[in-house]
1. Could you check how many residues of segment 101-132 are closer than 15 Å to residue 80 by Cβ and either part of a helix (DSSP H, G or I) or under 12 Å from the mean Cα position of the chain (by Cα) (or both)?
2. Could you check segment 1-60 and list, in sequence order, the residues that are among the aromatic types (Phe, Trp, Tyr) and either free of Cβ contacts under 8 Å to residues at least 12 places away in the same chain or not in a helix (DSSP H, G or I) (or both)?
3. Yes or no: segment 84-99 includes at least one residue that is modelled with pLDDT of 80 or more, crowded, with 16+ Cβ neighbours inside 10 Å and touching a Phe, Trp or Tyr at 6+ places or on another chain (Cβ under 9 Å).
Amino acid sequence: MAQIYLLSVLTLLIGGVLAAAEPIANRFAALAPIADLADQRSVTRGVGVAAVVVGGLKLFVRAPFDVVPVAGDLLPALVGIVLGVALFAESPEEESEGTSPLLVLRRYRVTIGYAAIVLALVHFLFPTAVIL
C-alpha cells in the first residue's frame, strides 16, 4: 500500500530527526526548537510507537510497486523497528556497565537517528529498489 510506504518514510525521517536532535540543534541554530520537542517524552514515545507499528507492517504489507512479495522493504522495516525501540527506551539515570539491549540502543541513539534520516531520503528517492 502506498500509504504504508509514505508513513514509513515519514516515521523514519521524523524519528531520525528526534533521535539525533541534540547534535542537529548544536550544528544548526535555526533547528534548536527540535531539541526542545525531542525532550518531550510524549512526542518521542508517540513517534517511537508509530515507527515500530509501521516498521512491523512494512514486513508484511507490500507496496504496489514492490517486485519481491515478502520483505521487499526489509531495511526500512528493520530500521523503523530499531528506531522506534530506541525512541521508546527509557533514559537510564545512571548508565551501568551492562550490555542490555536497551542500553546499547540508548547509547547509539544518535547514530541510529542519522541512519534513519539517510535511509528515509534514499527510500523516498528510490522506491522500487529491492530491500530498500
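The values are calculated or read from the model by the stated rules, or taken from the named source; none is laboratory data. Everything quoted here is computed from the prediction, not taken from an experiment. Heads up, the Cβs are rebuilt from the backbone with ideal geometry, glycines too, and the neighbour counts pull from every protein chain shown.
1. The total comes to 15.
2. Matches in segment 1-60: 28, 60.
3. Yes: one or more hits.
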